[in-house]
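Shown next, in structure tokens, is the structure this report addresses.
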Amino acid sequence: QFATRVVSCRAAELRPEGGGEPVRGFQVVLEDTILFPEGGGQPDDRGLIGDVPVLRVTRRGPEAVHFVPAALEPGVEVLLSLDWERRFDHMQQHSGQHLITAIAERMFGFKTTSWELGRQRSLIELDTPSMTAEQVKALEQSVNEKIRDRVPVTVRELAADDPEIETVRSRGLPDDHVGPVRVVDIEGIDSNMCCGTHVSNLSDLQVIKLLGTEKGKKNKTNLVFLAGNRVLKSIEQSHSAEKALTSLLKNGPDEHVEAVRRLQSSVKLLQKNNLNLLRDIAVLIARDFKSKPAPRQLFVLHRKEGDSEFMNIIANEIGTEETLLFLTVGDEKEAGLFLLAGPVEAVENLGPRVAELLGGKGAGKRGRFQGKASKMSHRGEVQALLQEFLSHRSP
């Protein structure tokens, strides 16, 4: 917590990170703050000003701008509270990135071109087209050795014109930077220009897990990692999933993969058999209709199980030159598929209206109009529309 004063407060809007309508609120500037504004690849802090939640903190030149949902009176003294769990997580990930970056360059000459602190995992973009599994394993072993060595992490400030700045690793200062230059040192390992928050000793990182690599931008490789408490949370999630699979598959964790392979093979065979049976059923339905002595102008069928191929087989077998077919598959109370087939002129006229009645979308050509429907229960209305159309067309 930290006591400070409100300098200014003005109305503003905040666009949510996940998208959606802007949130109305206020931008507040304080005399000083303990909440970190987003920057340097690190997200911003969260907390409270009094009992008012801080929804976002951004940097505007030398100022930290706090977005809050309620107005605060300029000049009033306030108590600032920090969301420590979020802060410490960011500290672990950011210091972990510095350590991985430094060791990757020392061991393999891979320079870091950017990084991203994500909500679930973090990425380091390395200036190399590829990285072997052996290199990832060796890098993980080395960074964890440094954690066990309990190496100190210190912060110092240099004047903007200090010649020592030239010896510090950096991707350059922001255009609107003002004041001294902040340098984060991992003793004997790295010296890096950085505005972010860090642990004071590598032992606070607990452990780092490298999850592997992903293909990045041209000639770049993304290294995925977890640090500290995120490793523990990941293990907890994996263990819960393992227990659930053990219960479902009725075997031990070492046999899970083979059990799933057997299930996949069985499912593929069942799907193949099911498709063959559906095709046979479609042919039998069509032949039964054609065997009736008196030809009918309209054929309507709904079936819970089926797909587009099932409906098209029926249409092909019956023929659409003289008969208008309305076929649907899917659950009565949920979404499904529909097919309207018949004389070209009739289908072109009725297709969009059928889709509208079924609350769906579709497209058609050459006497077929098919698509998805969200209101399968409206099939009766479609049938009435088709019967009315045929009654007006009949001589």
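Would it be correct to say that residue 45 is surrounded by 17 or more Cβ atoms within 10 Å (Cβ to Cβ), out of contact with any Cys (no Cβ under 9 Å at 6 or more places or on another chain) and not hydrophobic (A, V, I, L, M, F, W, C)?
Working: surrounded by 17 or more Cβ atoms within 10 Å (Cβ to Cβ): yes; out of contact with any Cys (no Cβ under 9 Å at 6 or more places or on another chain): yes; not hydrophobic (A, V, I, L, M, F, W, C): yes.
It is true that residue 45 is surrounded by 17 or more Cβ atoms within 10 Å (Cβ to Cβ), out of contact with any Cys (no Cβ under 9 Å at 6 or more places or on another chain) and not hydrophobic (A, V, I, L, M, F, W, C).
Return a yes/no flag: does segment 170-179 have any residue that is touching an Asp or Glu at 6+ places or on another chain (Cβ under 9 Å), in the same structural domain as residue 92 (by the TED database), in a loop (DSSP other than H, G, I, E, B) and open to solvent by less than 30 Å² (accessible area, probe 1.4 Å).
Quick first cut of segment 170-179, residues touching an Asp or Glu at 6+ places or on another chain (Cβ under 9 Å) only: 179.
Subsequent filtering for residues that are in the same structural domain as residue 92 (by the TED database) retains 179.
Then keep just the ones that are in a loop (DSSP other than H, G, I, E, B); that gives 179.
Then keep just the ones that are open to solvent by less than 30 Å² (accessible area, probe 1.4 Å); that gives none.
No, because not a single residue in segment 170-179 is touching an Asp or Glu at 6+ places or on another chain (Cβ under 9 Å), in the same structural domain as residue 92 (by the TED database), in a loop (DSSP other than H, G, I, E, B) and open to solvent by less than 30 Å² (accessible area, probe 1.4 Å).
Just to be sure I understand the filter: pairs with C-beta atoms under 6 Å, separated by 6 or more residues or on different chains, first member in segment 292-307 and open to solvent by less than 80 Å² (accessible area, probe 1.4 Å), second member part of a strand (DSSP E or B) and polar (S, T, N, Q). Which pairs pass?
Sorted first by the residue in segment 292-307, then by its partner, the pairs are 302/328.
Which of the residues belonging to segment 258-317 are touching a Ser or Thr at 6+ places or on another chain (Cβ under 8 Å) and over 23 Å from residue 354 (Cα atoms)?
295
Counting only residues that are over 24 Å from residue 173 (Cβ atoms), give me the strands (runs of 3 or more DSSP E) lying completely in segment 1-80 with at least 2 of them.
Numbers: elements: 2-14, 23-30, 47-49, 52-54, 56-60, 63-68.
Hits in segment 1-80: 2-14, 23-30, 47-49, 52-54, 63-68.
Mind checking which pairs have a first residue in segment 125-151 that is within 12 Å of residue 205 (Cα to Cα) and a second that is assigned to a helix (DSSP H, G or I) and modelled with pLDDT of 95 or more, Cβ under 6 Å, 6 or more apart or different chains?
Listed by first residue and then by second, the contacts come to 143/99; 143/100; 143/103; 146/202; 147/202; 147/205; 150/203; 151/202.
For every residue, the table says whether it meets (1) out of contact with any Leu (no Cβ under 6 Å at 6 or more places or on another chain); (2) under 30 Å from residue 152 (Cα atoms); (3) outside the structural domain of residue 334 (by the TED database).
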{"position": "207", "(1), (2), (3)": "yes, yes, yes"}
{"position": "218", "(1), (2), (3)": "yes, no, yes"}
{"position": "229", "(1), (2), (3)": "yes, yes, yes"}
{"position": "241", "(1), (2), (3)": "yes, no, yes"}
{"position": "244", "(1), (2), (3)": "yes, no, yes"}
{"position": "252", "(1), (2), (3)": "yes, no, yes"}
{"position": "263", "(1), (2), (3)": "yes, no, yes"}
{"position": "297", "(1), (2), (3)": "no, no, no"}
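Condition first: closer than 28 Å to residue 206 by Cβ, outside the structural domain of residue 178 (by the TED database) and not charged (D, E, K, R). Can you find one or more residues in segment 54-73 that meet it? Let's see the steps before the verdict.
Pass one, segment 54-73, residues closer than 28 Å to residue 206 by Cβ: 54, 57.
Next cut, outside the structural domain of residue 178 (by the TED database) only: 54, 57.
Filter once more, keeping what is not charged (D, E, K, R): 54, 57.
Looking for residues that are closer than 28 Å to residue 206 by Cβ, outside the structural domain of residue 178 (by the TED database) and not charged (D, E, K, R), one finds at least one in segment 54-73, hence yes.
Within segment 196-237, count every residue that is farther than 15 Å from residue 114 by Cβ, part of a loop (DSSP other than H, G, I, E, B) and either among the aliphatic types (A, V, I, L, M) or open to solvent by 50 Å² or more (accessible area, probe 1.4 Å) (or both).
The qualifying residues number 4.
Output the residue which, of all residues in segment 84-129 that are modelled with pLDDT of 95 or more and among the small types (Gly, Ala, Ser), is surrounded by the most Cβ atoms within 10 Å (Cβ to Cβ).
Only one residue fits best here, namely 96.
Looking only at segment 31-41, decide whether some residue is over 23 Å from residue 123 (Cα atoms) and of a type in the set (Gly, Ala, Ser).
Checked against the condition, which is being over 23 Å from residue 123 (Cα atoms) and of a type in the set (Gly, Ala, Ser), segment 31-41 yields no hits at all.
The values are calculated or read from the model by the stated rules, or taken from the named source; none is laboratory data. Fair warning: this is a prediction, and the values are worked out from it, not measured in the lab. When we count neighbours, we look across all protein chains shown, and the Cβ atoms used for this are built from the backbone with ideal geometry, even at glycine. Heads up: the accessible areas ignore ligands, DNA and RNA and are worked out on the full protein's heavy atoms, side chains in. Shrake-Rupley method; radii C 1.70, N 1.55, O 1.52, S 1.80 Å.
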